[in-house]
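The structure under discussion appears below in the form of structure tokens.
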Amino acid sequence: MTLVTGRSRSREAAGLPAVTPDRIIDAALELTARHGVERWTLRQLADAVDAYSAVIYHHVGDRDTVVTAVVDRVVAMYELPPAELEWQAWWRQFLTNLRLVFTHYPGVARRVALNGPSTDAGGPTVDVAMRTLLGAGFEQDEAALVCRLLIIQACLFISLEDDQRARSAVRLQITDGWGSSASDPNFDALATLSESIQDRLEDPANDRDYYDEMFNYAINRLLDGIQQRLRKMGY
């Protein structure tokens, strides 16, 4: 890393681009894509923009402040479905779009599940999301609960995917043990599960599709349950 010291050696004279908040967040976003939001240091970020850590503090703030900005940047990347879609179709497409973006930036989903994005970043999404639920027939308080439930559950599934991908060797070892477990007449249901796991392990395409299938199944069943709640309410 080339560090510029002294008044006579400006960044421009040294051929270095100016350090700006946007450039710092761009670099943090790239580090997050490569390592995950929890696995890079402020020193690594400072190295990425050819500056001292104090410069990061001056332009953006501490690490948590930078991470909040990264989360907000990622939240701004996913596409909102057309507002006129039926509420279940809107949520299904929205959460799918959210997952497609979040999986490129490991750890962001966990942050959103725990803390949510800032109002500026998440406000437009929540506004449209709440409108779909209010339009479906939910009262205000229950619509807010449903909104949080769906977003948090989706983010938790994405977080699980992030963690499993980061520890693929351990996951494969344990999964392989389940897939190769011997058939026992006293545990015939367990044997059925083992056969399913073994089929997936024998076909790499099946293993790649596992996360898609699990996520889609979970979201669809959540939406089914919420729709049943609406039916009980007379909608």
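Tally the residues that are buried (at least 16 other Cβ atoms within 10 Å of the Cβ) and closer than 18 Å to ASP212 by Cβ, restricting the search to segment 82-96.
Applying the first criterion (buried (at least 16 other Cβ atoms within 10 Å of the Cβ)) to segment 82-96 yields 87-88, 90-92, 94-96.
Subset that is closer than 18 Å to ASP212 by Cβ: 91-92, 94-96.
Result for segment 82-96: 5.
So VAL75 clears everything in (1) surrounded by 21 or more Cβ atoms within 10 Å (Cβ to Cβ); (2) within 18 Å of ILE219 (Cα to Cα); (3) in contact with a Pro (Cβ under 7 Å, 6 or more places away or on another chain) except one condition, right? Which one?
Failing condition for VAL75: (2).
Having 1 or more residues that are more than 21 Å from VAL19 (Cα to Cα) is the bar; report the helices (runs of 4 or more DSSP H) wholly within segment 29-97 that clear it.
Values: elements: 42-48, 53-59, 63-75.
It comes to 63-75.
Since every read-out is calculated from the coordinates, none of them should be taken as a lab result. Here the structure is a predicted model, which is why all the values come from computation and not from measurement. Virtual Cβ from ideal backbone geometry, glycine too; neighbours counted across all protein chains shown.
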